[in-house]
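The values are calculated or read from the model by the stated rules, or taken from the named source; none is laboratory data. Because the structure is predicted, anything quoted here is derived from the model rather than measured. In this analysis, Cβ positions are derived from the backbone assuming ideal geometry, glycine residues included, and neighbour counts consider all displayed protein chains.
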Amino acid sequence: MSKQEQHWEKTRNLLFITLAIWFVFSIGIFLFGAEMQESSIRPFGYPLTYWFTCQGSLAIFVILIFWFAGRQEKIDDEFGFTEREGDQ
Amino acid sequence: MIKGKFIDNLPKVYGLYTGGFLVFIIIMAIAEQAGMTAKMIGIFFVSFTVLIYALIGWLSRTLQTDAYYVAGRQVPTVFNGMATAADWMSGASFVAMAGGIYFKGYGYMALLVGWTGGYVLVASLLAPYLRKFGCYTVPDFIGTRYGGNLARFSAVVVLTVASFTYVTAQINATGTIASVALDIPFEIAVYVGLASILMCSMLGGMRAVTWTQVAQYIVLIIAYLLPVFWISNNIGAGFFPHFMLADEVARIAELEGQFGFVKNSAADLASVPKGLSAISKPHSAVNATPWAFISLAVCMMAGTASLPHVMMRYFTTPSVRTARRSVGWSLFFIFLLYSSAPMLATLSKISLMDPTLPTGIIGKSIAEVQAIDWYQNWNQAKLMFVSDFNGNGTLELNEFFMKGSAVVLATPEIAGLPYVISGLVAAGGMAAAMSTADGLVLAISNALSHDVYYKIINPKAETAKRLIVARVLLVLIGFAGATIAALEIQGILGSVIWAFDFAMSGLFFPLVLGVWWKRANAPGAVAGMLLGLISGTAYLIWVRSGGSGFLGITQLTFGIVGAAVSLVSMVVVSLITAAPDAATQKMVDDVRVPSGKTILGKQH
C-alpha cells in the first residue's frame, strides 16, 4: 500500500470513530429520552435528558472536534503530509 | 499604539474595541440615571454599533479578488471562529430560540443539538478538504470537482434557494429590531436594516464581512450573557446560572402542575393578536416522540454542513490545519450562547410564573397586570396580550400571551433590570441578524458573480469588472430580500428551518461524496442536486397544501425526503455512467492530503 493509501485509511478510521461518538450524542441517546429523564443521574441537579439537550451534548461536540483535529494532525505528521510554509 | 500589520495586532485591536464598548455601556447606564429616556437609549445603542460596523466595512474596502472572495486567506483560527459564530448565530438564534424553548420545551431543544452537532460533520467531512481545494465559493468546488457548467450551475441554484430563504428571515429580524429600537414602522425599518447590511459588505466583500462579524460577535455575546447572569443573581437563583438553575427548573414543573395547562378554545384564540402564544407545553419534560426530536436534529445537522455561508468561512483560514481547528473554535463560541438560551427561557418563565417573586404575574388580577408599565409597552408593540377568557378576574397560565421574540427582548425589563440592558439586547439582536444576513447576501452574490458571470458567461472579464458585477449583484439581492421580507410570509424561525432543509436536500451528498467517494461523477452530482431539491420542495408544497405526509416527516423536516432522493439518485446515476477521468481522480487524491498546492490557484 502506498503512503497515501495508508494515510487515507487512517484518516477514514478516525472519521468513523468521530462519527460514531457524534451519533451516540446527537441521535442515539435521544431514542431513550423518556427513559433517561427518569434516571437518578442528575448532572447539576437537572433531569438527565434536559441536561443533555441544554449542555451535555453541546459540550461533548466541542471537545470532540478539538480531539478530532488533534488526532488528524498526528496522522498527517506521521506520513509527512503536514503543510509547510509556502504550500498555499 | 498600533504598529505593524493589522493581522498581527488583532488581539489588541479587538481588545480595545471590547473595552470601548463596555465603556459605552457604562456611559449609557450613567445617562439613564441622569434621566435619558428609554427611547433615546435604544436609538443610541443601535445606531452607535451599526456606525462602528459600517466604519469597519469602509476600512476593509478592497480591489483584489482574493481579498474580496476569501479575505486574503489570512484570518487566524480563533478570530475566524468568532466570525463564524456571528455568521452562524442569526436573528433566529438570538431573538427567537429562547422563545421557542420557552413555549415548546423539549421538542424545540432539538434545534440546540442539531445546530451544534452539525459542526462535527463540518469538521470531519468537509471543511479541511474544501480549504485544501482552494475554492472561492461552494459551487466553485462542485464545478471543479465534477467538471462542467451544468454541475456548477445546479449548485448555484441550490445555494440561491437555500440562502435566499434564509436571508429574508434575517432582514425581517433586522427590521423587527430596528422598528422597536428606533421606533419606526416595520416597512421602513426593513430598508434601514438593509442599508446597514450593505454598508458592511459592499466595499470589502469577505474581508469586510470577516472583520465586522468579529465585532458583531463581541457585541452579541455580551448582550446575551450579561442579562442571563444579571437576572439569575437578581432573583437569587445562583451566580452561575448554567450550573445552578436545577431548583428553578423543578419549581417550574411544580407550578405547571399547580396552574394546569388549559387548552384555549378557537373562539378565545381569535381575539389574540397573530403570532402570540401562551405556555401550553411542560418546561423540562420529554414531550416529543424520539422520532420528532431526532428527525429535526438530523435535518439541522445535515443542513449545517451544506449551508454555503458557513462553509465559505473556512476558505479564509491560512491553512488546512487552521481550518479544522477553526471549526472547533466556532462551535465553542456558539456553545457560549446556545447553552445560555435554555437558561434564559427558564429565568424568564420563573420570573413570570412564580407568585412568590415580585415579578410574577400568573395568578394576579387581570387589572393589576394591565396596569404594569412593561406590560403596557410590550402590549403596544404587539408582543404581549392578556385576556380573561374564563371571566374569573385572575390571570391564568393560558390567558397570558407573548411573542417568542419577547422572551429575549422583554425579559430584562420584566425582571426589573435597568433599561440600558434592554438597549444592549436590541444592539445584540441587530448584530446577530446583520452578521448572518451579510454572510448570506455575500454567499449568493459571490456565487452569481464568480460562478455564473465569471466562470460561465464571461471568463475573460477583468478583475475590476468582476468586482463591480459582484457589488451590483450584492445590492440587487439585498433589495430583493428586503422586498420579500416586508411581505412577512413565514415567521423568522420557520424560514430559517426551511433554509436548512433546502440546503440539505440539494447539497449535502454532492459535497460529501465529492470528497469521500472517488467514483462520484458529474451526471450523478447533477442528478443528486436537482432531484434532491425538486423532491424536497415538492414534499414541502404537498404538506403545506394539506397533504398528510409520510413517516412523520413534517414541513420542518422535508430535507429528509430531499436528501434521501439526492443520495439514491446520485449513487445510481454515477454508477450507470462512466467513471471520472484520471485527472479528476488525481484531484480527489490531492484534496485528501493537507500538504502541497491547493487545487485552484491563489487568484482564479
Point to revise | Filter pass, residue B:224 being surrounded by 24 or more Cβ atoms within 10 Å (Cβ to Cβ), modelled with pLDDT of 90 or more and either acidic (Asp, Glu) or closer than 30 Å to residue B:346 by Cα (or both) | key: yes
Practice item. Say whether the condition of being of a type in the set (Ser, Thr, Tyr), part of a loop (DSSP other than H, G, I, E, B) and within 14 Å of chain A (Cβ to nearest Cβ) is met by at least one residue in the range B:596-604. Key: yes
Revision key, fill the gap. By my count, helices (runs of 4 or more DSSP H) wholly in the range B:1-120 with at least 3 residues that are within 23 Å of residue B:169 (Cα to Cα) and at pLDDT 90 or above are B:77-88
Exercise for review: Taking residue B:79 as the residue in question, decide whether it is within 14 Å of chain A (Cβ to nearest Cβ) and either in contact (Cβ under 8 Å) with a residue 12 or more places away in the chain or of a type outside the set (A, V, I, L, M) (or both).
Suggested key: no
Review point. Would you pick out the residues in the range A:37-88 that are crowded, with 18+ Cβ neighbours inside 10 Å and more than 7 Å from chain B (Cβ to nearest Cβ)?
Key: A:48, A:51, A:52, A:56, A:60, A:75
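Residue check: is residue B:427 buried (at least 24 other Cβ atoms within 10 Å of the Cβ), under 18 Å from the mean Cα position of the chain (by Cα) and aliphatic (A, V, I, L, M)?
Against the criterion (buried (at least 24 other Cβ atoms within 10 Å of the Cβ), under 18 Å from the mean Cα position of the chain (by Cα) and aliphatic (A, V, I, L, M)), residue B:427 qualifies.
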Review point. Can you tell me how many residues in the range B:237-278 are within 16 Å of residue A:44 (Cβ to Cβ) and among the acidic types (Asp, Glu)?
Key: 2
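When you check residue B:145 against the structure, is it part of a helix (DSSP H, G or I), more than 21 Å from the chain's Cα centre (by Cα) and surrounded by 24 or more Cβ atoms within 10 Å (Cβ to Cβ), yes or no? Reasoning before the result, please.
Numbers: part of a helix (DSSP H, G or I): yes; more than 21 Å from the chain's Cα centre (by Cα): yes; surrounded by 24 or more Cβ atoms within 10 Å (Cβ to Cβ): yes.
Judged against the criteria, residue B:145 is a match.
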**Study point:** Hits in the range B:574-588 - residues which are within 13 Å of chain A (Cβ to nearest Cβ) and either in contact (Cβ under 8 Å) with a residue 12 or more places away in the chain or crowded, with 18+ Cβ neighbours inside 10 Å (or both)
**Key:** B:585, B:588
Review point. Does any residue in the range B:213-236 that is free of Cβ contacts under 8 Å to residues at least 40 places away in the same chain come within less than 7 Å, Cβ to Cβ, of a residue that is surrounded by fewer than 18 Cβ atoms within 10 Å (Cβ to Cβ) and not small (Gly, Ala, Ser) six or more places away or on a different chain, and which pairs are these?
Key: B:233/B:239
Review point. Are there any pairs with C-beta distances below 7 angstrom linking a residue in the range A:16-34 that is within 8 Å of chain B (Cβ to nearest Cβ) to a residue that is outside any helix (DSSP H, G or I) and not polar (S, T, N, Q), with the two at least 6 apart or on different chains, and if so which?
Key: A:33/B:286; A:34/B:286
Review point. Taking the range B:117-139 as the search range and keeping residues that are farther than 30 Å from residue A:25 by Cα and in contact with a Leu (Cβ under 7 Å, 6 or more places away or on another chain), which one is farthest from the other protein chains (Cβ to nearest Cβ)?
Key: B:139
Study note, to complete from the structure: Within the range B:127-142, residues being part of a helix (DSSP H, G or I) and in contact with a Ser or Thr (Cβ under 9 Å, 6 or more places away or on another chain) number 7
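Right, residue B:337: more than 10 Å from chain A (Cβ to nearest Cβ) and farther than 19 Å from residue B:116 by Cβ or not?
It is false that residue B:337 is more than 10 Å from chain A (Cβ to nearest Cβ) and farther than 19 Å from residue B:116 by Cβ.
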Check your understanding: Which members of the range B:1-30 meet the condition of being in contact (Cβ under 8 Å) with a residue 60 or more places away in the chain and more than 26 Å from the chain's Cα centre (by Cα)?
Key -> B:7, B:28, B:29
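Every residue, every condition in (1) in a loop (DSSP other than H, G, I, E, B); (2) more than 13 Å from chain A (Cβ to nearest Cβ), yes or no:
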| residue | (1), (2) |
| --- | --- |
| B:243 | no, no |
| B:255 | no, yes |
| B:262 | yes, yes |
| B:274 | yes, yes |
Exercise for review: Identify all residues within the range B:33-51 that are surrounded by fewer than 19 Cβ atoms within 10 Å (Cβ to Cβ) and either touching a Lys or Arg at 6+ places or on another chain (Cβ under 7 Å) or not charged (D, E, K, R) (or both); write none if there are none.
Suggested key: B:33, B:34, B:35, B:36, B:37, B:38, B:40, B:43, B:47, B:48, B:51
